[in-house]
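**Q** Sharing a structure here in structure tokens format.
The values are calculated or read from the model by the stated rules, or taken from the named source; none is laboratory data. What you are looking at is a predicted structure, and each value in this text was computed from that prediction instead of being measured. So basically every Cβ, Gly included, is an ideal-geometry build from the backbone, and we count neighbours across all protein chains shown. For accessibility, only protein heavy atoms count, side chains too; no ligands or nucleic acids. Shrake-Rupley method; radii C 1.70, N 1.55, O 1.52, S 1.80 Å.
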Amino acid sequence: MTTLDELRGQVRGAVVTEQDDGYDQARRVYNAMIDRHPAVVVRCADDTDVLATVGYARDNDLDLAVRGGAHSVPGFGTNDGGVVCDLSAMTGVWVDPAGQTAWAQGGNTWGSFNHATYGYGLATTGGIIGSTGIGGLTLGGGIGYLTRRYGLTIDNLLAARVVLADGRAVTASADSEPDLFWALRGGGGNFGVVTGFRYRMHPVRDIMAGIFFYPLDRAADVLAAYDSYIADAPAELGAFPAFQIAPPLPFIPPQEHGKPFVITVACWSGPPEDGEKVFAPLRDAAPIVAEMVAPMPYPMLNSLFDELLPAGLQHYWKTVFSPPLSPEVIAVHAEHGPRVPALQSTMHIYPINGASHDVAADATAFTHRDAKYATVIAGMWPDAADNDANIAWVRDYYAALRPLSQAGEYVNFMAGDDQEKLRDSYGVNYDRLVDVKRRYDPGNLFHDNQNIVP
């Protein structure tokens, strides 16, 4: 059995306990609602540190949490009394411009990854917040502005470097550990610590961004027009509707600041000269209260909302998969969306049609290839005193949408109290995931997640 002193001698990164300076910072995660006290946080410097940390947790029968970008809303990047394997110092990125691929260590955020690849004019499907970790987003599926053109993030994953529960480090790909590679693409952190990701990259440098604010009383018109347009819109268009309280941005009239609106956020990655034409159906969906349309580097759009969503907010989210937006679904959004209770809170309807529909449901662990949308009701607010009211908004909205939605939920948006929905979330792939779990983690060392029980 490895002792804590022996662990310190085995790793290059810092080993932080509650007796050490910086412990409160080391244990802190993105969601301020999560306040846990692990016995030790290991800030890993490399794969060898990860191997030692996993071995320490296993040999001492301690809970093990794996932290990349630390965005996990349910707080899976920490625990009480256990070990945190913190990858946040592992941020190397190696780009192969000729082969249009990139290797990235598991501690990268999409902000750091996009910064490294932008100079080569390359990008792959990521999220919409730059501070989101590449690891958590990728392992759950990965939805972003480029999904309709290039598929989910997992559809662009070529290989992964994985530290397993038994102390081995392997590379999983289509040709090596193929069952593990299949499971990693949507199965979350159930199978090991992924210390590196190899992505297929695409020629995306500068894009056209559009943000359109419409009156709340036209929400039904906006959603219906969006649903009709996005079904067959060019694949280079990524766009999602949302409900949002207007922040004090220069392009929004001052008298509208602090008021709720229905909005559309759009990204055009095709020829710049076509951007205005492609955005026209979105702009024409209803009268415009405010808009911003501008060319910008792709990484800028990918981090445009970061200042609105700093670490330390309270978070509670729910999610559904949706077919086309029926009048009944639109009516639910038109009722609950305008009640958005805080500046940071929102509801997004992400399109996952286009390229992601070209992949078979059983080709990766992510099975919802027939869904048109992944919807998230994201409650985010600064003051814990408002928890009850804000959580109620999320739950009431979700309760109204759930009967009108497909079975199962997107694991990256699921709350900590959604574990019982996991079988539906993986559908036809669930039993195979259990088999892979039994092979690679029979003792369920990796259980601080939306857990697939072996």
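**Q** When the Kirkwood hydrodynamic radius is evaluated over all pairs of different C-alpha atoms of the range 207-324, what value in angstrom, to one decimal, is obtained?
**A** Kirkwood hydrodynamic radius for the range 207-324: 15.3 Å.
**Q** Given 31, 74, 288, which one lies farthest toward the positive end of the charge dipole of the chain, if we put +1 on the Cβ of every Lys and Arg and -1 on the Cβ of every Asp and Glu?
**A** My answer, from the dipole projection, is 288.
**Q** Separate question: Relative contact order (percent) for the range 289-431, with alpha-carbon contacts under 8 angstrom and 6 or more residues of separation? Numbers along the way, then the final one.
**A** Numbers: 201 pairs, mean separation 48.0, N = 143.
Relative contact order here is 34 percent.
**Q** Once neighbouring chains are kept in place and the probe is 1.4 Å, which whole percent of the accessible area of the range 210-357 is contributed by carbon and sulfur?
**A** On the way: 3310 of 5480 Å².
Summing carbon and sulfur atoms, their accessible area is 60 percent of the total for the range 210-357.
**Q** I would also like to ask the following. Contact order normalised by length for the range 19-80, with contacts defined as Cα pairs under 8 Å and 6 or more residues apart; what percent is it?
**A** It rounds to 44 percent for the range 19-80.
**Q** Roughly how many whole Å is it from the C-alpha centroid of the range 211-267 to that of the range 115-186?
**A** What the calculation gives is 29 Å, centre to centre.
**Q** Same structure, new question: Just to be sure I understand the model, the point goes 7 Å from the Cα along the line to the Cβ. What's the resulting residue 339 to residue 46 distance in nm?
**A** Distance between label points: 5.5 nm.
**Q** Let me have the 222 nm mean residue ellipticity of the chain computed from DSSP H runs of 4+ only, each contributing -39500 (n - 2.57), with the sum over all residues rounded to the nearest 500.
**A** Numbers: 14 runs with 119 residues, N = 454.
Dividing the helical sum by the residues of the chain leaves -7000 deg cm²/dmol.
**Q** Output the peptides 325-331, 54-60, 124-130 sorted from most to least packed, where packing is the average of other Cβ atoms within 10 Å over each peptide's residues.
**A** 124-130, 54-60, 325-331
**Q** Per residue, what accessible area does the chain have, given a 1.4 Å probe and all protein chains present, in Å²?
**A** 37
**Q** For the chain, report the convex hull volume of the alpha-carbon atoms normalised per residue, in Å³, without decimals.
**A** Per residue, the Cα convex hull of the chain comes to 134 Å³.
**Q** How far apart, in nanometres, would the label points at residue 21 and residue 94 be if each is projected 7 angstrom from Cα along the Cα-to-Cβ direction?
**A** Distance between the two pseudo-spin positions: 3.5 nm.
**Q** Modelled label-to-label distance, residue 428 and residue 224, 7 Å Cα→beta-carbon offset: nm?
**A** Those two pseudo-labels are separated by 3.5 nm.
**Q** Using +1 at the Cβ of each Lys and Arg and -1 at the Cβ of each Asp and Glu in the range 208-284, identify which of 278, 222, 248 lies farthest towards the dipole's positive end.
**A** 248
**Q** Now, a different point. Place a point 7 Å from Cα of residue 216 in the direction of its Cβ. Which residues in the range 335-359 have their backbone N less than 20 Å from it?
**A** Hits in the range 335-359 for residue 216 at 20 Å: 335-349.
**Q** Distance between Cα centroids, the range 298-317 to the range 12-30: provide it in whole Å.
**A** 24
**Q** Follow-up. To the nearest 20 debye, what charge dipole does the range 338-438 have about its Cα centre, counting +1 at the Cβ of each Lys and Arg and -1 at the Cβ of each Asp and Glu?
**A** 220
**Q** Now for a separate question. For Cα pairs less than 8 Å apart in space and 6+ apart in sequence, what is the mean separation divided by the residue count of the range 76-148, i.e. the relative contact order in percent?
**A** So the answer I get is 24 percent.
**Q** Let me ask you something else. Highest mean first, what order results for 185-197, 160-172, 38-50 on Cβ atoms within 10 Å?
**A** Descending mean neighbour count gives 185-197, 38-50, 160-172.
**Q** How big is the charge dipole of the chain about its Cα centre, in debye rounded to the nearest 20, if each Lys and Arg gets +1 on its Cβ and each Asp and Glu gets -1 on its Cβ?
**A** 520
**Q** Mind checking the full-extension length gain between residue 387 and residue 166? Use 0.36 nm per residue of separation minus the Cα-Cα distance, one decimal, nm.
**A** Result for the pair: 75.5 nm of gain on full extension.
**Q** Please give every one of the lysines within straight-line cross-link reach of residue 318, meaning a C-alpha to C-alpha distance under 27 Å, and leave out same-chain neighbours fewer than 8 residues apart.
**A** Within the straight-line cut-off, residue 318 pairs with 259, 372, 421, 437.
**Q** Hey, another quick one. Calculate the radius of gyration of the Cα atoms of the range 1-143 to one decimal place, then report Dmax, the largest Cα-Cα distance, as a whole number, both in Å.
**A** Expressed in Å, the Cα Rg and Dmax of the range 1-143 come to 15.9, 49.
**Q** Taking 45 Å as R0, compute the FRET efficiency from the Cβ-Cβ separation of residue 294 and residue 438 and round it to 0.05.
**A** 0.30
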